[in-house]
Amino acid sequence: VSFARELGLFDAPTIGVGAMISAGIFVSTGIAAGEAGPASILASALNGFVTLQTALNYAELASAYPEPVGG
C-alpha cells in the first residue's frame, strides 16, 4: 500500500488552520495560568474529566454501530 504525496485545495488550508487553532490553545492556556494562578490546575483537571466523559459517551455510541456507516 502506498499513499499519494499531494495536497489538494482543501488539504493545505486545513493544515494551516489546524496549526493556528492549536497554537491558540497553547497561548490561551498560558494566559489562563497567568490570571488564575494555581486554580488553573483545578480547571484543567475538571476539563479533563469532562473530556473523558465525552469520549466515553462517543465510544458507547460507536459500539452501537459495529460496522462502518456507508462502507
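The values are calculated or read from the model by the stated rules, or taken from the named source; none is laboratory data. The shown structure was predicted, so the numbers you read here are calculated from the model rather than taken from an experiment. Quick note on the areas: whole protein, heavy atoms, side chains included, nothing else; ligands and nucleic acids left out. Shrake-Rupley method; radii C 1.70, N 1.55, O 1.52, S 1.80 Å.
One line per residue, one yes/no per condition, for (1) modelled with pLDDT of 85 or more; (2) open to solvent by 70 Å² or more (accessible area, probe 1.4 Å):
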| site | (1), (2) |
| --- | --- |
| Ile15 | yes, yes |
| Phe26 | no, yes |
| Thr29 | no, yes |
| Ala32 | no, no |
| Ile41 | no, yes |
| Asn47 | no, yes |
| Val50 | yes, yes |
| Gln53 | yes, yes |
| Asn57 | yes, yes |
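Could you check, for the stretch 27-45, whether at least one of its residues is part of a loop (DSSP other than H, G, I, E, B) and acidic (Asp, Glu)? Within the stretch 27-45 (the criterion being part of a loop (DSSP other than H, G, I, E, B) and acidic (Asp, Glu)), the answer is no, since none of the residues qualifies. Taking the stretch 59-71 as the range and being among the hydroxyl-bearing types (Ser, Thr, Tyr) and open to solvent by 80 Å² or more (accessible area, probe 1.4 Å) as the test, only Tyr65 passes.
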